[in-house]
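Some notes on the structure that comes next.
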Amino acid sequence: MKRHILLALAMLILTLPACAPKINLLGKGPTDPLMEFPITGTDDSKGKLALIHLRGVIESQPKRGTFTAKPSPVQEFVSALNLAEADQTVRGVVLAIDSPGGTITASDIIYHEINAFKERSGKKVVVAMFDIAASGGYYVALPADWIMAHPTTITGSVGVIYTRPKVMGLLDKVGMSVEVSKSGKDKDMGSPFRPTSEQEAELFQNLIDTYAARFHGLVAKHRTLTQENMELVKTARIFTADKALEIGLIDEIGYVGDVFAKARKLSGLSEEGLVVTYRRTRYPNDNPYNTLSETDAAKLNMLGVDTTMFMPPRAGFYYAWPQGLTQ
């Protein structure tokens, strides 16, 4: 009997797709406001720190799931940063990054927002890198006053990649073709339905080089690297935390407690200065490693599997380490 009830419920949900985003079986959702919750520390006499997480692929598109939609990483990050700026008792921000990067525009938006936040508020920003802070994940860390990596962090990948799927072979196998009428010879550059011409490849490479030059210029602006180390960085390879420290991409290697200590010192807070974060609901036994939010449930399908991890990234230019895009 129980099995039949569950099957009927599943069928009802599947037959009412228009209602799915409004169904909330998992508690609070993305339309609820972010609220402040204490994470660690007790002394707020001189102010507090705000802990803001940035994780996953950096993009401006919202994530749509079975039951609800999740705000994009850009939207969620800027919302939290605005709360930290508006609160005069917040003296500094700890930005916890766990990201392989993302689209060039989304990465650049967050870079710009952090710069603007610092200029308007005068508040300090300290970065804590976790598993991966590569490419766009490193790009957004550049404006920080201090960058600290976990001992096992992977970072670097300072460069650009342009991905575009090709389906000519598949169409040939099923006996299909695509005809294109266009106003200019380059209107369908990067078309998935035909091979890329030599001229198109050259044009794409020029775009890639332009975006890469911007990235390299920002590294040179924010970090002090020797010419030899800068040339090494331009290969776009990834680095361990030890190597990143050696060549000057980061300032220190440590753990979360070390990050908070540095941020408290730079912000003029006591060693027990209060650290808060922004969520939509309270979690029992909360701590700095909790990156969960209710809207994470939007990534699940009916089988409880995040199917996006099996899909290739959409066509576009990325500040991203490609091996990390499917995480």
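Rule-based calculations on the coordinates, nothing more; no lab input. This is a predicted model, so every value here is computed, not measured. Using ideal geometry, Cβ is built from the backbone for each residue, glycine included, and neighbour counts are taken over all protein chains shown.
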In whole angstrom, note down how far apart the Cα centers of the stretch 98-162 and the stretch 184-214 are. 27 Å
Among the listed pairs K70/K221; K70/K265; K185/K221; K70/K166; K48/K70, give every one whose C-alpha distance is greater than 31 Å. K70/K221; K70/K265; K185/K221
Pair N229, K166: separation of 7 Å Cα→Cβ label points (nm): 3.9 nm
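Work out how much length A116 to S79 would gain on full extension: take 0.36 nm times their residue separation and subtract the Cα-Cα distance, in nm to one decimal.
Working: separation 37, 0.36 × 37 = 13.32 nm, distance 1.39 nm.
Computed gain between A116 and S79 is 11.9 nm.
Based on the mean of other Cβ atoms within 10 Å per residue, sort peptides 93-102, 139-148 so the most packed one is first.
Working: 93-102: 27.1, 139-148: 23.7.
Top of the packing list down: 93-102, 139-148.
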Answer rounded, prolate or oblate for the stretch 93-250, using the Cα gyration tensor with square roots of eigenvalues a ≥ b ≥ c: rounded when a/c is under 1.5, else prolate when a/b is larger than b/c, else oblate. prolate
Treat each spin label as a single point 7 Å out from the Cα along the C-beta direction, and report the S45 to V180 distance in nm. 6.8 nm
How far apart, in nm, are two points set 7 Å out from the Cα along the Cα-to-Cβ line at D286 and at Q199? 5.9 nm
Compute the signed sum of charges (Lys and Arg +1, Asp and Glu -1) over the other residues within less than 15 Å, Cβ to Cβ, of V93. +2
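If packing is taken as the average number of other Cβ atoms within 10 Å across a peptide's residues, how do 195-204, 269-278 rank, most packed first? Could the numbers behind the result be given before it?
Working: 195-204: 12.2, 269-278: 20.0.
With the highest mean Cβ count within 10 Å placed first, the list reads 269-278, 195-204.
Using the Cα centre of the stretch 96-240 as the reference point, and only Cβ charges (+1 on K/R, -1 on D/E), how large is the resulting charge dipole? Debye, rounded to the nearest 20.
On the way: 16 positive and 16 negative charges, 55 e Å.
Dipole magnitude for the stretch 96-240 comes out near 260 debye.
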